[in-house]
Structures are given as C-alpha cells and as structure tokens.
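Note sheet for the following structure.
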Amino acid sequence: MKRPKLRKASKRLTCHKRYKIQKKIREHHRKVRKEAKKRGRKKPRKDPGVPGAAPFKEALLREAELRKQRLEELKRKQKLDRQKELEKRRKLDAKKSAAAIQEQTEGKESSGKSEAKKTKKALDKNAKKSFHSELEKVIETSDVVLEVLDARDPMGCRCPQLEQAITCSGGEKKLLLVLNKIDLVPKENLEKWLNYLKKEFPTVAFKSATLLKDRNMETFSRRRTRIDLSRHTESFGSGCLMKLLQEYGRTQNKAIQVGLVGFPNVGKSSIINSIKKDRVCDVGPARGVTKSMQVVRIDKHMKILDSPSIVADPTNSAVTLALRSIIHSGESCSVNVIKAVDAVLNHCNKQQVMMFYSIPDFKNTEELLSLLAQKRGMLKKGGVPDIENIAKSLLCDWTGAKISYHSEPPASQIRPPYLTEDKIAEMQRGFNLKKLEEENSSTVQALKYPSPASSIVFQSAGMTNGKIVKNKVVEEESEWEDLETSHEEEDFMETDDDQDGIEEEKEENNVKEDGRTQMTGNAELGVGQTERAHSENEIAESGLANSLPFSLDKTAGEDDAYDFNTDYV
C-alpha cells in the first residue's frame, strides 16, 4: 500500500499580515537612524582616490599598493605568531596532563626511595666533589678493596694513587685485582695478563652477567626467536671470588666489608649483581651511573660496598681521558667528542678498524664518522651525517662490552716505587693463592673467546692518574696563597720605605728627624710582619697532613690585614 504524501505548510500570508510586518521593519530602521544621529556618528567617507590631473599619479598609486602589501604581510605574520603560541600552549597542556596521569598511575613511592632520589639530586650538582667524598668513605670503611680492571686494557684501568693509599695505609687493608670482561679478549692474551698481575696482587678472572632482570619488573610471555643468552646471563668467577673472601673472613674471625673501586664502565655494579644473582645495583652504558656509596648484604659475615667511579686527573693523555673520564651529556661538546675518538683510533691499527666496521679506506676521523653514520642511518635533515651522535655511540662501544680489543702486557715486570717485596707479601697474606690459580684456570677453560685475528690490537698508555684525596689539593692551594701574601707584604713595605726617604730630603731638618723616627717604626713593623709571614709558611708546611690548613682558620682583620695608620706621614 502506498504511503500517503505529507503536504508541506504553505508560506503564503494574508495581505494584512504582510503589510503589518513591512511597516514594523520601516519603523525599526527609522529608530536606528535617529539614535545614530544623536550619537554623532557619520558614515565613513569613501576614498576618492588620486585625481587624474594630479602630478606623479602613477608613483602615488605604486606607493599605495606597496603600503597595502606591507599591511597584509604584517597581518599574515601576526596570524602565524598567534598560531605558534597556540600550538606551544597545547603542547604544554598535553605534557602537563601526561605528567599528571603518570603520577596518578605510579602512585606514592616509599620513603626510602624518595630519600634516595633526593640524595641523587644533591649529588648531581657537584658530581666530582661528591665522587671524591663517597670514594673516600668506601676505602676507609672496607677491610678488602677490589680494584676492578677491564681485561682489554688492565694497565690503563689501574690507579697508582689508589694502590699507594691502600698499601701505605698502615692497617690490615687488603687489595685484590678483579679482571672483568675476560670474554672480550683472546685466551692467550688473558693468560699473559693473569701471569703478569698475580706477581703484584692476588688477581681474580671474572666475567659478569649483563642481562639480569629486576625482581619487581613484570615478565611478558611472548613467542620470540630462539637466542643463546648463556653468554649474557651467566657469570664466571663469582664462586672463586666468594670462596676467597669467605676464607679471608674466617681467618680474621669477624664480619668483613668489601669495597669495589675503579674507573667508569669497568663493571663494578655488574659484579655485585652477578654475585647476588639479581639486579640490586643500577647499571647502564652511560658513565657515572653510580653516584653514591651503596651497601649490599651478601650474608651474615660479608657486605659489599659499591662506590662511584674514580675521577681521572686532567693531566693524563688524551686516550686515557677519552676512555676513563666521566663525560656528562651537558658538558661534552661535539669537538671534544671527535677529538676523543681521534685519540682512541690513533692507538689502533687502521686496517683492523676498517675490517671490524667493514668500511672503505678513510683519510681522517671525520671521514670515518661520516661513513659510519651513513651505514647506520644516523642522518640529519637533508641527508647530512650526524657526526656528534655517531662519535658518542662509538665511544660507548669502546667503553662498553661491544668491541673486542686487547693490549699486550709490558715485556719486563717494572714495579711502581710503592710496591716493595714486603708490601706484596703483606697483600698476599691471608689468601690461598694455590686455590685461586686453580679456580682461575677453570674459569679460563669454561669460556669462549674471540680469535686474535678478530680482536683489535690496542696500544695502552699506561697507568691512569686519579684524584683520590681532595684535602691534599686544598692544602697545596693554601700554601701558595700564604707564600703570595707574604711576598706582597714585603714588596709593599719596601715601596713605602722609598717614598718616605724622598719626602725626608725635601723637608726641613726638624721634619727630617721626625721622618727618621717614623721610618725606624715602619722598619720594625715590616720586620715583624715578614717574620709572621715566614712563621705562617712554616706552620702550613709542617701541618700538611691535617685536613684544614692554617690559612683557612684565620679571620679577616688579623695578621694578613695591613694597618695603614702606623705608616702615615
């Protein structure tokens, strides 16, 4: 059945109604005109334009067009600025909302974690100063100190200042060497280094686990390709190290504290994680992840102390600073990073570097970095290679566990002056060295090693000087300050004496006598002040062992101040 069509309402009106509406509209317009007259507003006059008889009509019209274009451009710029401001506001609002959502999801953390974060923020302000103090705490409180060395360059990871401070401490502190990352060097090279280092200190071969997960992290079960993770998840040498430390603790009949020290990226925190078989300490490819002392309890009779990195002295060679110094993201300039990469590559064989990175021949470091950037796809806008970021990643590869390189031990055993035979015997006392050799040989046999052909030969720059005790630096500065102040006072007294002599010649005999009396007084005062300055220098030299020098204890207005009233003519 067909649906009946609905008729639309008609728009036709009666004439009476239509005329009435028109009349009302006319009245309204009249009213608006009257109000406009009362206000005194007039209609804007139209621009009459340039008259035809006016001279330079074309030039005037051009100027008017240019003015119009400028106004339009200004309007466009203002519109774009407004749009940019709006975008910025939107982004800020989005960030704030995202942060608020994240805070809500994370919730309130425990008081212990918040305190740890506060300490970390405080240490970030003066990182190097805090590193000194935290490292001193670890060395003072620990009974056994483990100096962690990178097996690829063990001599470059040794710090003579640290070794001297521990061996000459006078107490019963012991120093052990832990040769970490042994899976990155050829087997023959590792055996050579173990034979070289064991003649000075007891040495433990170690390979730490790098892919340990935190217990609190959620695990997702997904099907993935089968990967042999035995190289990264298993640690070698942890049992040997634990037995050695436990036996030493039994001989001492007390609970011992073991401190781990070393330069950045040698694997101090990863050794603790391997011993504990859990991710207890934070680890990462960046340098200086550990910024404060961290105590990890192993059992009833042992605690391990994790320490921040040793700060390398700036007087070291460019290679040692490139591999061993703490580089922060804000500090490192692109030029410095490229220089560091250049210094590292100068100590390697060029052909081996080309073979390892599988790149063609290059003239300089910048060309190598540009080739690597193109190969890895690290490009800026317009296809320009990002040299700065590729240089940073290359340095991370060399300090991390990606590149296999090795350095040869010295041909002859040259001991440092602080290591006498008595000191070596004292460091080895209390440890079972025969068992240590057997355990080291078993760990060496258990691992897979790279072939000597695939490993890059690296020329080591020797031991790395580090800044251990900060008080010594303060004392040296105070000595120089005392010497400078004493010399300045003596020079000042001599100039005053010369001026008084010139004035005496010009004056009369009576004034001369007065001047002579004043000169004698000034000379006595100058002698007294020089004597005081020399006595201060003697006190400062004799008290170098104290933490605070003599010059720092003086207040303003004492011996260093000069009394001008006694010398005024």
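Quick one: divide the alpha-carbon radius of gyration of the stretch 354-452 by 2.2 N^0.38 Å and tell me what you get. List each step's numbers first, then the result.
Working: Rg = 22.1 Å, N = 99, 2.2 N^0.38 = 12.6 Å.
With N residues counted in the stretch 354-452, Rg over 2.2 N^0.38 Å equals 1.75.
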Work through the residues other than residue 317 whose Cβ is under 15 Å from its Cβ and net out their charges, Lys, Arg +1 and Asp, Glu -1. 0
How do the peptides 457-465, 423-431, 271-279, 177-185 rank, highest first, by the average count of neighbouring beta carbon atoms within 10 Å per residue? 177-185, 271-279, 457-465, 423-431
Got a number for carbon plus sulfur as a percent of the stretch 318-399's accessible area, 1.4 Å probe? 54
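Which order, highest average first, do 22-32, 309-319 follow once you tally other Cβ atoms within 10 Å for each residue and take the mean per peptide?
On the way: 22-32: 9.7, 309-319: 18.0.
In descending order of packing, they fall as 309-319, 22-32.
Enter the accessible area per residue of the stretch 318-399 (Å², integer; probe 1.4 Å; all protein chains in place).
On the way: 4270 Å² over 82 residues.
Value returned for the stretch 318-399: 52 Å² of accessible area per residue.
When Rg is the radius of gyration of the Cα atoms in the stretch 318-399 and Rh is its Kirkwood radius, what does Rg/Rh come to?
Details: Rg = 12.4 Å, Rh = 13.1 Å.
My calculation puts Rg/Rh at 0.95.
Under the definition of Cα pairs under 8 Å and six or more residues apart, what whole-number percent is the relative contact order of the stretch 318-399? Walk me through the numbers on the way to the answer.
On the way: 56 pairs, mean separation 26.2, N = 82.
That works out to 32 percent.
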Among 160-170, 7-17, 380-390, the order from most to least packed when residues are scored by Cβ within 10 Å on average: 160-170, 380-390, 7-17
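The values are calculated or read from the model by the stated rules, or taken from the named source; none is laboratory data. This one's a predicted model, so the numbers in the text were calculated from it and none came from an experiment. Neighbour counts are summed over all protein chains in view; Cβ atoms, including those assigned to glycine, are modelled from backbone coordinates with ideal geometry. Quick note on the areas: whole protein, heavy atoms, side chains included, nothing else; ligands and nucleic acids left out. Shrake-Rupley method; radii C 1.70, N 1.55, O 1.52, S 1.80 Å.
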